[in-house]
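Remarks on the structure that follows.
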Amino acid sequence: MSNIDPILLLSAIIIVSTPILLAAIGELVVERAGVLNLGVEGMMITGAVCGFIAATSTGSPWLGFAGAALGAALLSMVFGVLTQLFLSNQVATGLALTLFGLGLSALLGQGYIGVKGPVVPDLYLPVLRDIPFLGPVLFRHDAMVYIALFIVLGVWLFLNRTRSGRVLRAVGENHDAAHALGYKVVRVRLLAIAFGGACAGLGGAYLSLVRVPQWTEGMTAGAGWIALAIVVFASWRPGRLVLGAWLFGGATALQLALQASGGVQIPIEYLQMAPYLATILVLVILRAGRAPGSLGRSFHASS
Amino acid sequence: MIRLDRRPEPSRAWTIATPFVAVALTMVAGGLMFALLGKDPVEAIRTIFWDPLFGDFASYSRPQLLVKAGPLILIAIGLSLGFRAGIWNIGAEGQYILGAICAAATGLAIYPAETWIVFPAMIVAGALGGLLWAMIPALLKVRFGTNEVLVSLMLVYVAEALLASMSLGLLRNPEGMGFPGSRNLAQYPSAANLDLIPGTGLHWGVALAFAAVIVGQVVMTRHQLGFRVRLAGQSPRAAVFGGVNPGWLVVVCMGISGGLAGLAGMFEVAGPAGRLSIDFNVGYGFTAIIVAFLGRLNPIGILLAGLLMALTYIGGELAQLQMNLPLAAIQMFQGMLLFFLLAVDLLTNFSIRFGRRVAA
């Protein structure tokens, strides 16, 4: 334990938690609109490969992130059309989206295994970066880390301070009542699903462009599912979402640091279990708050 | 203007017809995808669906059909029970792995003694391994209200790490020159799960899968458990008033699906796979979810869906060899099949009317 640098560890937590946070904030909006999309993993990995392809072919990581958001949002529309227009079972459709996304990403990424992507530069924050301890931990990261936090803040403001946000919550709480009040339930939900897809795509691209950074098949390794767990953990509230992401980021970063330090005699395979076991533990310890009333139910105007 | 009217009850005709419509649509869309990849779509579809059964190498690939369909059917029958009741065990892959690990460990503990007890002991160990692994999400759901989808899925990743640890450590073949992986159980006569009729692919696991189809059908239509499962799926509140204990149902459904998944892992590791290795699992636990839905959560349907899905696996491998078609394309193809099924399912529950909306 003694040769783990606390500054490096804390700074790693921020990096590790960012892709999960991005995917989770998107799913939070989707679930607040009353839709359960279990396809986060599939959208994330599609975002990872789309982002990597866009970034390597244009040389710009920012176009990469844009491509990832677009690609994953397009994929999420498959889920949107099936569940909202064809009224299919959301659990089954979400699972299908994950299976499909894993296949699609492997197919798209064939020529990109082992390719080196463009480097995402750190954001240069003068003064702040030179604060002792806090500087290296908080203020020497790439821009996406801060964009992710701004998205969380934006979602909080949207849900709690805007009229559209209240409409979205109404649709999620009781879609029949919202429909009776004249709100377009299906349209609101489709927009939410697209937003969720775009965020999951950004999270995936963060993995392939910053965290790893290269493309390998199945590289999300359950990050999408952990994002789903964090939404439950956060009781569908953006503030607690950040806390959750850091907690899980912490478990992952700590096991990586332990692997690297080589100081403890625990086989790597058991350390790799840590983030998943931590997720289960937190789901058990912290009772979730109340889920949106219409979560997971199909809406049909005549019924 | 297209309008949807909810049917008073699901259409029986469409319930049976939709899987066929979905398969046909998938062939068309898949053909388009293969054409985009620069392959001849007709040849690709023929290689996947026709050649494994009637092509030049059919004598090799036909037995593979049963070998691959067996575990898929066995797992899907178990899953369908829970899915009908609204209990989502998504972690069958993990239960499959645990079944294989426990069975292999049991067999290797007795190695090299040759007694009749080895094979039955491995069966019990495999079933228990899968069952206990499934009890984790089940009991956590009953006791703490945790989401079984997330917990069972997290446990897949834990199981994969455990598998890696076992095949690199405890269960590694001591005479394997340091290569990862266990001893070959298929070459240990007391433990080997061989073909019952040589050359057909029909091993004990496949026989059990067929038995599970029959038992599943009887349970769903004739037994009280089937009635409770259907009641809980259609109306959880009515089920509680009808005397169904929801917690009991969760434990039973998860237990059965976990046990069957564990058995599938046991028969795989003792027969076709032979050895426990890092990449021993090939995703049967996930594909079985598609099989369960494609078979309409009905045992007979699952039997047919399992055979079809096995066909796409074998045909996919064939297409990979002969046409250089990427394996990922087959994975997408399977995902597409589920999408189309879910889409055309609309016709089961709704009737489509064309024309202007009439004022009610």
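The values are calculated or read from the model by the stated rules, or taken from the named source; none is laboratory data. Source: prediction; values computed, not measured. All Cβ positions, even for glycine, are placed from backbone atoms using ideal geometry, and neighbour counts span all protein chains on display.
State yes or no: is B:Ala239 without any contact (Cβ under 8 Å) to a residue 60 or more places away in the chain, crowded, with 19+ Cβ neighbours inside 10 Å and among the small types (Gly, Ala, Ser)?
Spelling it out, B:Ala239 is indeed without any contact (Cβ under 8 Å) to a residue 60 or more places away in the chain, crowded, with 19+ Cβ neighbours inside 10 Å and among the small types (Gly, Ala, Ser).
Which pairs do you get when a residue that is among the small types (Gly, Ala, Ser), found in segment B:153-175, comes within reach of a residue that is surrounded by fewer than 24 Cβ atoms within 10 Å (Cβ to Cβ) and part of a helix (DSSP H, G or I), reach meaning Cβ atoms under 6 angstrom, with the pair 6+ apart or on two chains?
As it stands, the answer is B:Ala161/A:Glu269; B:Ala161/A:Gln272; B:Ala161/A:Met273; B:Ala164/A:Glu269; B:Ser165/A:Glu269, since those pairs meet every condition given.
Quick one: in segment A:260-273, of everything that is modelled with pLDDT under 85 and assigned to a helix (DSSP H, G or I), which residue is surrounded by the most Cβ atoms within 10 Å (Cβ to Cβ)?
A:Gln272
Quick one: which residue in B:Ile97, B:Ile117, B:Ile123 is more than 10 Å from every other protein chain (Cβ to nearest Cβ), surrounded by fewer than 24 Cβ atoms within 10 Å (Cβ to Cβ), β-branched (Val, Ile, Thr) and under 18 Å from B:Gly274 (Cα atoms)? Steps first, please.
On the way: B:Ile97 fails: surrounded by fewer than 24 Cβ atoms within 10 Å (Cβ to Cβ); B:Ile117 fails: under 18 Å from B:Gly274 (Cα atoms).
The unique qualifying residue is B:Ile123.
Going through B:Gly82, B:Gly99 one at a time, which residue ends up being within 15 Å of the chain's Cα centre (by Cα), closer than 30 Å to B:Ala238 by Cα and in a helix (DSSP H, G or I)?
B:Gly82
When the residues of segment A:130-152 are narrowed to those that are without any contact (Cβ under 8 Å) to a residue 24 or more places away in the chain and farther than 19 Å from A:Gly201 by Cα, which ends up nearest to the chain's Cα centre (by Cα)?
Across segment A:130-152, the extreme among qualifying residues is A:Phe139.
If I filter segment A:129-140 for residues that are under 14 Å from A:Leu28 (Cα atoms) and buried (at least 17 other Cβ atoms within 10 Å of the Cβ), do I get at least one hit?
no
Only one of these conditions is not met by B:Asn89: (1) within 14 Å of another protein chain (Cβ to nearest Cβ); (2) assigned to a helix (DSSP H, G or I). Which number is it?
(2)
Scan the helices (runs of 4 or more DSSP H) fully inside segment B:265-360 and keep the ones with 3 or more residues being within 12 Å of chain A (Cβ to nearest Cβ) and surrounded by fewer than 22 Cβ atoms within 10 Å (Cβ to Cβ).
In segment B:265-360, B:327-344, B:346-349 are the helices (runs of 4 or more DSSP H) which contain 3 or more residues that are within 12 Å of chain A (Cβ to nearest Cβ) and surrounded by fewer than 22 Cβ atoms within 10 Å (Cβ to Cβ).
Filtering segment B:187-236 down to residues that are more than 25 Å from the chain's Cα centre (by Cα) and in contact (Cβ under 8 Å) with a residue 60 or more places away in the chain, which residue is nearest to B:Gly82 (Cα to Cα)?
Result: B:Pro236.
Please specify each residue of segment A:59-86 satisfying the condition of being facing another protein chain (nearest Cβ under 8 Å) and surrounded by 20 or more Cβ atoms within 10 Å (Cβ to Cβ).
Within segment A:59-86, A:Val78, A:Leu82 qualify.
What number of residues within segment B:24-51 satisfy the criterion of being in contact with a Leu (Cβ under 7 Å, 6 or more places away or on another chain) and under 17 Å from B:Ile290 (Cα atoms)?
1
Kindly provide the set of residues from segment A:1-36 that are touching a helix residue (DSSP H, G or I) at 6+ places or on another chain (Cβ under 8 Å) and assigned to a loop (DSSP other than H, G, I, E, B), ordered by number.
Within segment A:1-36, A:Met1, A:Asn3, A:Ile4, A:Ala33, A:Gly34, A:Val35, A:Leu36 qualify.
In contact with a helix residue (DSSP H, G or I) (Cβ under 6 Å, 6 or more places away or on another chain) and of a type outside the set (Val, Ile, Thr): is that true of A:Leu125 in this structure?
No, not satisfied.
Which of the residues that make up segment B:1-49 are of a type in the set (A, V, I, L, M, F, W, C), over 25 Å from the mean Cα position of the chain (by Cα) and farther than 30 Å from A:Gly111 by Cα?
Residues satisfying the conditions are B:Met1, B:Ile2, B:Leu4, B:Ala13.
Starting from residues that are charged (D, E, K, R) and part of a loop (DSSP other than H, G, I, E, B), keep the ones in segment B:158-187 and report whichever is nearest to A:Ile226 (Cα to Cα).
Among residues in segment B:158-187 that are charged (D, E, K, R) and part of a loop (DSSP other than H, G, I, E, B), the one nearest to A:Ile226 (Cα to Cα) is B:Arg172.
Tell me, which residue of segment A:87-103 that is of a type outside the set (Val, Ile, Thr) and in contact with a Ser or Thr (Cβ under 6 Å, 6 or more places away or on another chain) is surrounded by the most Cβ atoms within 10 Å (Cβ to Cβ)?
Per the stated criteria, the residue is A:Gly101.
Against the conditions (1) assigned to a loop (DSSP other than H, G, I, E, B); (2) over 17 Å from B:Ser182 (Cα atoms), where does B:Leu155 fall short? Just the number, please.
Looking at each condition in turn, B:Leu155 falls short on (1).
Filter segment B:142-152 down to the residues that are in a helix (DSSP H, G or I) and surrounded by fewer than 22 Cβ atoms within 10 Å (Cβ to Cβ), then identify the one that is farthest from the other protein chains (Cβ to nearest Cβ).
B:Val142
Just one of A:Val35, A:Val49 is crowded, with 24+ Cβ neighbours inside 10 Å and either within 14 Å of chain B (Cβ to nearest Cβ) or touching a strand residue (DSSP E or B) at 6+ places or on another chain (Cβ under 7 Å) (or both); which is it?
Of A:Val35, A:Val49, the one residue that is crowded, with 24+ Cβ neighbours inside 10 Å and either within 14 Å of chain B (Cβ to nearest Cβ) or touching a strand residue (DSSP E or B) at 6+ places or on another chain (Cβ under 7 Å) (or both) is A:Val49.
Looking at segment A:213-221, is at least one residue aliphatic (A, V, I, L, M), within 30 Å of A:Leu107 (Cβ to Cβ) and either surrounded by fewer than 15 Cβ atoms within 10 Å (Cβ to Cβ) or within 14 Å of chain B (Cβ to nearest Cβ) (or both)?
yes
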